[in-house]
Amino acid sequence: MNPEGQPKTGFMQLIKKGNTSSGVAALGNTIIAIAKGLTASVTGNGAMFASMMHSIADAINQMFVFFGSVLAEKKPTKRFPVGFGRVINIFCMIAVIVVTLMAYETIREGIHLIKHPAASHGFWLNVSVLVLSIIIDGYVLVKAMKEILKESRVEAQGSAIFSAAFRNVKRAAPPTRLVFYEDLVATLGAFLALVAVVFTAFTNASILDGIMTILIGLLMVLVAFRVGYDNMVGLIGVSAPPDVEDKVAKIIFSEKLVTDIVQLRVLQEGRYYHVEGLIELKPGMTLADADDIKFRIRDHLLNDPDITDVTLGIAEDAGVQDWKPQKNELTP
């Protein structure tokens, strides 16, 4: 036991709890980045260089995010009583800086290639590496989509996975969202680079190499903005999605002696939620009975694996219905 009375969590146990998508993505993008780097140096293709920069950024980011997700799983301590959930937001913000720097270098290289087109060779080598990149990034993207559905408690099969993942991505953990956005752009970026390689090989449109390089850089900027916004909101402290709040309210109202919810706040930290509320009970109850009801509701809420902390106050029914489902206003 540690000084705070919590069971100690070993390093390997924390590693196992780390975000699976980011760990797999980091490994996959490292392999892709090495292959693209060697190919770009041999063939001199600008789009391949841009795609390599994106893969390097992805690999660094996802490794950062994986270790951030590991630290975020640490148990609350006396000094940090609400846990370490927001640590992952800090690591994701570092990832945003890396993506932004790589995007700048990529766009600058694209502008240089438009002004000074470079001859590219090694057609089949370029095509082979980019097809490999699309396969690996596509695999990681599908895995991230499945992770989104798992974290948002949504069931989908077959092609329905894609639409369900896009609808529920905001409910996923920050590292899963980052992997999803980055590998969506990485797959698209590899496809754009493949288009550039094919067109420049069979036409005289060498300027297309620079244009595709700039497009890939701009896609990286979009990822940086999207991930940066999500994690800025997470660091400030964001309310849970409306359906999560409604689920919490239904659990509370499942106790028949609860008449109203005067106040309810569900705060999201990482992929976990903290619940604070004031509930009203039927009049005429003893304090001991009211406490028993409060503890039953708290235990019921804590049975949800996504809820880590519950604080409830109780009061006697005032005869006025206060509870109305709230809408989440912090969406871009």
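Since every read-out is calculated from the coordinates, none of them should be taken as a lab result. Note that the structure is predicted; figures quoted are calculated from it, not measured. When we count neighbours, we look across all protein chains shown, and the Cβ atoms used for this are built from the backbone with ideal geometry, even at glycine.
Between Tyr104 and Phe225, the modelled label-to-label distance comes to 1.8 nm, taking each label 7 Å out from Cα in the direction of the beta carbon.
The label point for Lys170 and the one for Asp289, both projected 7 Å from the Cα toward the Cβ, are 4.2 nm apart. Here are labelled values, (1) 24.5; (2) 19.7; (3) 17.9, and one is the computed mean projected area of the Cα convex hull in nm² for what I pasted. Which one? Of the listed options (1) 24.5; (2) 19.7; (3) 17.9, (2) comes from this structure. Across the cross-link table entries Lys74/Lys250; Lys256/Lys324; Lys75/Lys247; Lys250/Lys294; Lys170/Lys256, which are compared at the Cα atoms, the separations over 22 Å belong to Lys74/Lys250; Lys75/Lys247; Lys170/Lys256. Charged neighbours of Leu235, selected by a Cβ distance under 11 Å, balance to -1 (K, R count +1; D, E count -1). In a simple Cβ point-charge model (Lys, Arg +1; Asp, Glu -1; nothing else charged), the chain has a dipole of about 680 debye relative to its Cα centre.
For the chain, what are the DSSP H helices with axial Cα length of 27 Å or more and mean Kyte-Doolittle hydropathy of at least 1.0? Those that pass (Cα extent of 27 Å or more, hydropathy at least 1.0) are 20-43, 46-72, 87-115, 123-151, 174-202, 207-236.
Legend: calculated FRET efficiency, Asp299 to Ala160, from the Cβ-Cβ distance at R0 = 25 Å, rounded to 0.05, equals 0.10. Once the C-beta distance of Asp246 and His112 is scaled by a Förster radius of 56 Å, the resulting FRET efficiency is 0.60 to the nearest 0.05. In this simple spin-label model, placing a label point 7 Å from the Cα along the Cα-to-Cβ direction at both Ile34 and Ile97 gives a separation of 2.8 nm.
Taking each residue as 0.36 nm, the span from Val142 to Leu27 lengthens on full extension beyond its C-alpha to C-alpha distance by 39.9 nm. Quick one: if the Förster radius is 41 Å, what FRET efficiency do Leu235 and Leu132 give, using the C-beta to C-beta distance and rounding to 0.05? It comes to 0.65. Give, as ranges by residue number, the residues of the stretch 242-262 whose backbone N falls under 14 Å from the point 7 Å along Cα→Cβ of Val320. The answer is 261-262, whose backbone nitrogens lie closer than 14 Å to the label point.
Each helix, a run of at least 4 DSSP H residues, gives -39500 (n - 2.57); summed and divided by the residues of the chain, these come to -22000 deg cm²/dmol at 222 nm. Amide H contacts under 5 Å for Gly83: Thr77, restricted to partners 5 or more places along the chain or on a different chain, H placed in the peptide plane at 1.01 Å from N. Of the residues Ile161, Tyr139, Gly122, the one whose Cα sits farthest toward the positive end of the charge dipole of the stretch 92-177, with +1 on the Cβ of Lys and Arg and -1 on the Cβ of Asp and Glu, is Ile161. Quick check for you: which residues of the stretch 286-303 have the amide N under 11 Å from the point 7 Å beyond the Cα of Glu255 toward its beta carbon? Within reach of a label on Glu255, which here means backbone N under 11 Å from a point 7 Å along Cα→Cβ, the stretch 286-303 contributes 289-301.
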